[in-house]
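The values are calculated or read from the model by the stated rules, or taken from the named source; none is laboratory data. What you are looking at is a predicted structure, and each value in this text was computed from that prediction instead of being measured. For neighbour counting, all protein chains shown are included, and Cβ atoms are generated from backbone atoms with ideal geometry for every residue, glycine included.
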Amino acid sequence: VQVLENAGAVHVSPVSGGGVAVRTASSMWESDMAVMAAGSWSPHISIAGADTVPVRPIRGQLLQLCGDRGVLQRVLWGASGYLVPWPDGTVLVGATVEDVGFDEGTTQDARRSLMEMAVALVPKLKDAGIADMRAGLRPRTPDSMPLVGRSKAVPGLIYATGHYRNGVLLTPLTAHIVRSMIFDAGYPTVPALDPLRHGNL
Ligand SMILES: Cc1cc2nc3c(=O)[nH]c(=O)nc-3n(C[C@H](O)[C@H](O)[C@H](O)COP(=O)(O)OP(=O)(O)OC[C@H]3O[C@@H](n4cnc5c(N)ncnc54)[C@H](O)[C@@H]3O)c2cc1C
């Protein structure tokens, strides 16, 4: 796989006679099919004849705590978060859900509220140190369901985006559907995931 980073603006359009063209400022590819899997950045990809992809970034902040090894043996869910024991003995504390645009920074407020939530679930974590704190962006659609399916505007283009809080969990199923659509033109649309439910895509 060739990975091209920082390519600038990306434009996707149909090729006359069939196929999909993907253009950046410095390069152009043509292929029978293409998959659009740009996560939270999906609206930044311009797709000829299509509406802007209705996905927005929802920030999630996480803490990684180091304390007594073995203080937690299993995943714990609370009303406002979860704790996951990692094999290295640290405990992952997640996660905030924040509509703050493309800001991947971490905040003191989140550090405090995640720590409070963790201690409420496992009081022994009170003295745990913070080994790491990080943030990521979850791609959310208006109905919080993924967009997985064929484009109407650009035949040959398949969307696989908008997985919001479940993109890891749904990777095998998404891969199965996308692969099936690539190799079988008759593979049916999954109505709940159909990109066309959100406009002309
Ligand atoms: C704190 C947190 C906790 C989470 N916990 C879970 C969990 O427990 N279980 C679960 O299933 N999911 C979880 N998620 C959600 C999961 O991470 C996302 O649903 C998933 O990452 C979406 O995958 P994706 O590949 O569609 O998008 P992304 O992971 O966002 O990947 C998109 C990629 O496309 C690249 N890209 C975008 N535009 C361009 C461009 N023009 N050119 C080149 N590259 C480009 C980006 O750089 C990025 O690498 C969590 C998310 C967060 C933030």
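Structure summary
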{"read-out": "Qualifying position, being more than 11 Å from the ligand (Cβ to nearest atom) and at pLDDT 95 or above, among Gly49, Gly39, Gly60", "value": "Gly49"}
{"read-out": "Selection from the range 1-36 of residues that are assigned to a loop (DSSP other than H, G, I, E, B), near the ligand (Cβ under 10 Å from one of its atoms) and aliphatic (A, V, I, L, M)", "value": "Val3, Leu4, Ala7, Ala9"}
{"read-out": "Pairs, first more than 11 Å from the ligand (Cβ to nearest atom) in the range 151-177, second aromatic (Phe, Trp, Tyr), C-beta under 7 Å, six or more apart", "value": "Ser151/Tyr159"}
{"read-out": "Unique residue being in contact with a strand residue (DSSP E or B) (Cβ under 7 Å, 6 or more places away or on another chain) and within 30 Å of Gly156 (Cα to Cα) when the list is Ala110, Ala48", "value": "Ala48"}
{"read-out": "Residues that are of a type outside the set (A, V, I, L, M) and more than 21 Å from the chain's Cα centre (by Cα), drawn from the range 30-72", "value": "Glu30, Ser31, Asp32, Gly49, Cys66, Gly67, Asp68, Arg69, Gly70"}
{"read-out": "Options Asp68, Asp109, Asp103; residue that is in contact (Cβ under 8 Å) with a residue 40 or more places away in the chain, under 23 Å from Tyr164 (Cα atoms) and not polar (S, T, N, Q)", "value": "Asp103"}
{"read-out": "Condition met for Ser151 (more than 25 Å from Val100 (Cα to Cα), loosely packed, with under 14 Cβ neighbours inside 10 Å and among the hydroxyl-bearing types (Ser, Thr, Tyr))", "value": "no"}
{"read-out": "The range 167-201, residues that are within 24 Å of Asp51 (Cα to Cα) and in contact with a His (Cβ under 8 Å, 6 or more places away or on another chain)", "value": "Thr174"}
{"read-out": "Where a residue in the range 34-53 is in contact (Cβ under 8 Å) with a residue 40 or more places away in the chain and on the phi > 0 side of the Ramachandran plot and its partner, wherever it lies, is part of a loop (DSSP other than H, G, I, E, B) and more than 10 Å from the ligand (Cβ to nearest atom), with Cβ under 9 Å and at least six apart", "value": "Gly49/Lys152; Gly49/Ala153; Gly49/Val154; Gly49/Asn200"}
{"read-out": "Condition met for Thr171 (buried (at least 18 other Cβ atoms within 10 Å of the Cβ), closer than 27 Å to Gly94 by Cα and of a type in the set (Ser, Thr, Tyr))", "value": "no"}
